[in-house]
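One structure below.
The values are calculated or read from the model by the stated rules, or taken from the named source; none is laboratory data. Model, not experiment: these values are computed from the prediction. Methodologically, a virtual Cβ is constructed for each residue, glycine included, from the backbone with ideal geometry; neighbour enumeration extends over all protein chains shown.
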Amino acid sequence: MLATIEKAKPLLGIQAEDTTADGPLALYLAAATSAIEEYCRRSFRLQEYRDRKHDGTSGKYLLLEGYPIIHVSKVQLDGTDISDYEIISEKGMLFRKGGWGVGDQQITLSYTAGYVLPGNASSENPQTLPEPLELACILLCQTLMRTPGVTSERVGDLAVTYANDGDGLPSAVKSLVNPYRRWG
C-alpha cells in the first residue's frame, strides 16, 4: 500500500491506540492504492522485472515498464548480452547510442525498479516513495470513507448530487499524482 494505517490515522483524525477501524482502514488504503496505480498506469512498489520482451525499435530510447530503475542485471538483444546503454532511472528508460535495432529483434531484460513503500521500509532500507503519493493515498482513503461520490446533499425533500469526472479521483489527489503518471 502507498500509505500505512499508522501514518493515515492521525491525518484522518483517528487516535493511534484506536484499533477498531484498522480492518476497514486497511481495505480503504488498499482500494486507494489500487485506484492511484490504475490512474497512473504503473505499479509503484519495488520489484523485479524479468524476461520482458519488446520488439526492436529504431529509436535510441527504450521505455521500460517499471521505474525508477534501481538496477539492471541483464539486457540481451536477440540473445546476445549488451552493456552499451545508459540508464535514465527516473524516466524508466535505457538509452543506446546505436539504437535498439529494427523489426522483429527481441530485447530481453532483467531489472529492479520501483520505490520502497512505507509498509516495507526499515532502518536498513528506508522509504523511497515520494511523500505526495503517500498523501494522495490518504486523501483518497478519506474520500472513500465518506459516502463515495457524493458532492452535495439536501435533507428536505432528499436530494443527493454525485460527482462524475470520468476517472473517480478527486482533483486534489490528481494534482498530487499527476507528476508520477505514465502518459500515453
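Listed by first and then second residue, the pairs linking a residue in the stretch 81-109 that is farther than 10 Å from Leu64 by Cβ to a residue that is part of a strand (DSSP E or B) and acidic (Asp, Glu), with Cβ atoms under 7 Å apart and 6 or more places separating them unless they lie on different chains, are Phe95/Glu86; Asp104/Asp55; Thr108/Asp51. With a requirement of 2 or more residues that are at pLDDT below 95 and farther than 25 Å from Val75 by Cα, the strands (runs of 3 or more DSSP E) lying completely within the stretch 90-184 that satisfy it span 150-154, 159-162. So which residues in the stretch 1-20 are within 22 Å of the chain's Cα centre (by Cα) and either without any contact (Cβ under 8 Å) to a residue 12 or more places away in the chain or in a helix (DSSP H, G or I) (or both)? Ile5, Glu6, Lys7, Ala8, Lys9, Leu11 - these are the residues of the stretch 1-20 that are within 22 Å of the chain's Cα centre (by Cα) and either without any contact (Cβ under 8 Å) to a residue 12 or more places away in the chain or in a helix (DSSP H, G or I) (or both). Residues in the stretch 21-54 that are over 20 Å from the mean Cα position of the chain (by Cα) and under 18 Å from Gly92 (Cβ atoms) were compared, and the one that is modelled with the lowest pLDDT is His54. For the stretch 78-89, the candidate set comprises residues that are among the β-branched types (Val, Ile, Thr) and outside any loop (DSSP other than H, G, I, E, B); within that set, the residue that is farthest from Tyr61 (Cα to Cα) is Thr80. Can you pull out the residues in the stretch 89-138 that are small (Gly, Ala, Ser) and within 18 Å of Gln47 (Cβ to Cβ)? Hits for the stretch 89-138 are Ser89, Gly92, Ser110, Ala113, Gly114, Gly119, Ala121, Ser122.
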